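Just so you know, all these numbers are worked out from the coordinates, no wet-lab data involved. Every value quoted in this text rests on a predicted model; they were computed, and no experiment measured them. Every residue, glycine as well, gets a Cβ built from its backbone with ideal geometry; the counts of neighbours run over all protein chains shown.
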Amino acid sequence: MCAPAIIQHGTEEQKKEHLPKIAGGEIVWCQGYSEPGTGSDLASLSTQAVEKDDCFVLDGQKVWSTNADRADWGYILARTEPHVPKHKGISFFLLDMKTPGVTARHLPNIVGTYCEIFLDNVRVPKENLIGGKNGGWKVANTVLGFERSGAHRIAAAWRNLDRIIEFTKETKRKGTPLFKDPLVRSRLTELYVEAQVVRQLAYRIVWLHSTAKGRDIAYEVSVGRLAGAQFQQHVASAAMDILGSFGVLEPGSKWAPLQNFRREYLYSLAATIGAGTAEIQRNIIAIRGLGLPRA
Ligand SMILES: Cc1cc2nc3c(=O)[nH]c(=O)nc-3n(C[C@H](O)[C@H](O)[C@H](O)COP(=O)(O)OP(=O)(O)OC[C@H]3O[C@@H](n4cnc5c(N)ncnc54)[C@H](O)[C@@H]3O)c2cc1C
């Protein structure tokens, strides 16, 4: 998510420093966008960054940051100019998570990877700014464009669908193989059709990213994001119905079929929240895609 933003907006030094480690999977990154009072309306964020000597000093709090408690680096949005329209006063910082004043704390929740980040007098060198002072909104949206593309989520959901199909071939219920149940067959074939559609959307978005050359493709990305997230939920929900009561068992239980579907199901609930909710994707499609006036 962050690498394409570094490629598009970063300096040569930033590219040299970060891209090889990202490509090599050597370091973990986290995203510091959301705040306790800021989610969908991201531009209203209130974490502050004040320019001082050779650095910016960050103060504020982030929330729902995936993997922040084990991240080496984070990319953080902060307000550098309070007296301009809100999206024009935001900057985008690369933050070494070991910097004094940074605390990441795990937030207990149903799937387990989210954190709060507290920033207390955190000094970030000026060379860690991307997109220039007050130029962070553009960079933030580049990240969101790639985050929402989400081909990996569609691929994962497809793999889950394959596993469920295999399960229905191998499992009998009341002496009859599951695959003979007409409701199961109908559900699986409908999901297969949906899988083909979202896969084509994912390829199209990859193609759009590689050919857009600055053209706004946000609404097309949102179409893929929404359809992909819904596909993820449809697969997880069908899996739970087909696995029956055994599906809710903890991974590790000898009675838990396919082991991790409970987590897949719980995680799927978040698919239409993270990276911008389904409602926000629909707003983008309505306004930028259909040309409808703002409601
Ligand atoms: C799995 C997951 C991972 C996440 N990872 C990260 C991360 O790594 N870093 C990070 O910074 N954040 C992360 N988030 C946070 C995520 O970006 C926010 O949850 C999301 O943007 C929604 O913000 P909110 O939770 O504050 O909800 P709110 O913005 O308060 O929305 C509440 C409800 O109101 C609706 N709503 C709000 N505004 C409108 C509108 N204009 N029109 C119609 N409906 C509206 C929303 O759709 C939603 O249903 C993650 C969230 C999840 C679920």
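Provide the net charge surrounding Leu208, with neighbours chosen by a C-beta distance below 14 Å and charges set as Lys +1, Arg +1, Asp -1, Glu -1.
+4
Would you mind listing how long the range 102-228 runs along its three principal axes, going by Cα atoms, in whole Å with the largest first?
Extents along the principal axes: 67, 40, 17 Å.
What is the set of long-range amide H partners of Val28 at a cut-off below 5 Å, with H atoms built 1.01 Å from backbone N?
Excluding prolines and chain starts, which carry no amide H, the hits are Asp72, Trp73.
With the chain treated as a Gaussian network of Cα nodes joined by springs under 10 Å, which of Gln61, Gln196, Gln31 yields the largest mean-square fluctuation?
Greatest mean-square fluctuation among the candidates belongs to Gln196.
Can you sort Leu42, Leu58 from fewest to most other Cβ atoms within 10 Å of each residue's own Cβ?
Values: Leu42 20, Leu58 26.
Ascending Cβ contact count within 10 Å gives the list Leu42, Leu58.
Write down Rg/Rh for the range 133-198, rounded to two decimals, with Rg from the C-alpha atoms and Rh from the Kirkwood relation over Cα pairs.
Working: Rg = 19.2 Å, Rh = 14.6 Å.
Here the Rg-to-Rh quotient is 1.32.
Over the chain, what is the relative contact order in whole percent, taking alpha-carbon pairs under 8 Å and six or more residues apart?
On the way: 475 pairs, mean separation 42.6, N = 295.
Taking the mean separation of contacting Cα pairs over the length of the chain, I get 14 percent.
Considering only Trp207, Phe167, Phe179, whose Cα is most displaced toward the positive end of the charge dipole of the chain, charges sitting on Cβ of Lys, Arg (+1) and Asp, Glu (-1)?
Phe179
Compute the semi-axes of the equivalent ellipsoid of the range 65-124, taking the square root of 5 times each eigenvalue of the Cα gyration tensor, and list them largest first in whole Å. Intermediate values should be presented prior to the final figure.
On the way: eigenvalues 115, 42, 18 Å².
Semi-axes, largest first: 24, 15, 9 Å.
State the Kirkwood hydrodynamic radius of the range 196-258 in Å, one decimal place, computed from all pairs of distinct Cα atoms.
On the way: mean 1/r = 0.0711 Å⁻¹.
That comes to 14.1 Å for the range 196-258.
Report the extension gain between Ser186 and Asn141 in nm, rounded to one decimal, defined as 0.36 nm multiplied by the number of residues separating them, less their alpha carbon distance. Display every interim value, and only then the final one.
On the way: separation 45, 0.36 × 45 = 16.20 nm, distance 3.95 nm.
Value of the extension gain: 12.3 nm.
For the chain, what is the mean residue ellipticity at 222 nm derived from helices alone (per DSSP H run of n ≥ 4: -39500 (n - 2.57); sum divided by total residues; nearest 500 deg cm²/dmol)? Mind showing how you got there, number by number?
Values: 8 runs with 126 residues, N = 295.
Helix contribution divided over all residues of the chain: -14000 deg cm²/dmol.
Give a residue-ordered list of calculated ³J(HN,Hα) values for the range 34-43 (Karplus: 6.51 cos²θ - 1.76 cosθ + 1.60, θ = phi - 60°; whole Hz; x for Gly, Pro).
Couplings: 5, 9, x, x, 9, x, 4, 8, 4, 5 Hz.
Which ordering of Cys55, Cys30 is given by a fewest-first count of other beta-carbon atoms within 10 Å?
By the 10 Å Cβ count, ascending: Cys55, Cys30.
Would you kindly calculate the translational diffusion coefficient of the chain, applying Stokes-Einstein with the Kirkwood radius from alpha carbon pairs, for 4 °C and a viscosity of 1.567 mPa s, and quote it in µm² s⁻¹ without decimals?
62 µm²/s
Please go through the residue pairs Lys15/Lys133; Lys86/Lys213; Lys52/Lys126; Lys98/Lys126; Lys126/Lys213 and name each one whose alpha carbons sit more than 20 Å apart in this structure. Kindly include the intermediate steps, with their values, before the conclusion.
Values: Lys15/Lys133 18 Å; Lys86/Lys213 26 Å; Lys52/Lys126 9 Å; Lys98/Lys126 17 Å; Lys126/Lys213 28 Å.
Correct reply: Lys86/Lys213; Lys126/Lys213.
What size of dipole, in debye to the nearest 20, comes out for the chain about its Cα centre when the only charges are +1 on Lys and Arg C-beta atoms and -1 on Asp and Glu C-beta atoms?
Working: 37 positive and 30 negative charges, 207 e Å.
Its charge dipole is roughly 1000 debye.
Fewest to most neighbouring Cβ within 10 Å: what's the order for His9, His209? Mind dumping the intermediate values first?
Working: His9 18, His209 15.
Lowest to highest Cβ neighbour count: His209, His9.
Residue by residue through the range 17-30, which ³J(HN,Hα) values in whole Hz follow from phi under the Karplus form 6.51 cos²θ - 1.76 cosθ + 1.60 (θ = phi - 60°), with glycine and proline marked x?
Using θ = phi - 60°, the values come out as 6, 9, 5, x, 5, 5, 4, x, x, 7, 10, 9, 10, 9 Hz.
With only alpha-carbon pairs counted, each pair once and no self-pairs, how large is the Kirkwood hydrodynamic radius of the range 151-295 in angstroms?
16.7 Å
Taking amide hydrogens as modeled 1.01 Å from N in the peptide plane, which residues meet the under 5 Å criterion relative to Arg123, leaving out close sequence neighbours?
Residues meeting the amide H criterion: Leu58.
May I ask for the equivalent-ellipsoid semi-axes of the range 1-150, computed as the square root of five times each C-alpha gyration tensor eigenvalue and listed largest first in whole Å?
Working: eigenvalues 79, 72, 51 Å².
Semi-axes from the Cα gyration tensor: 20, 19, 16 Å.
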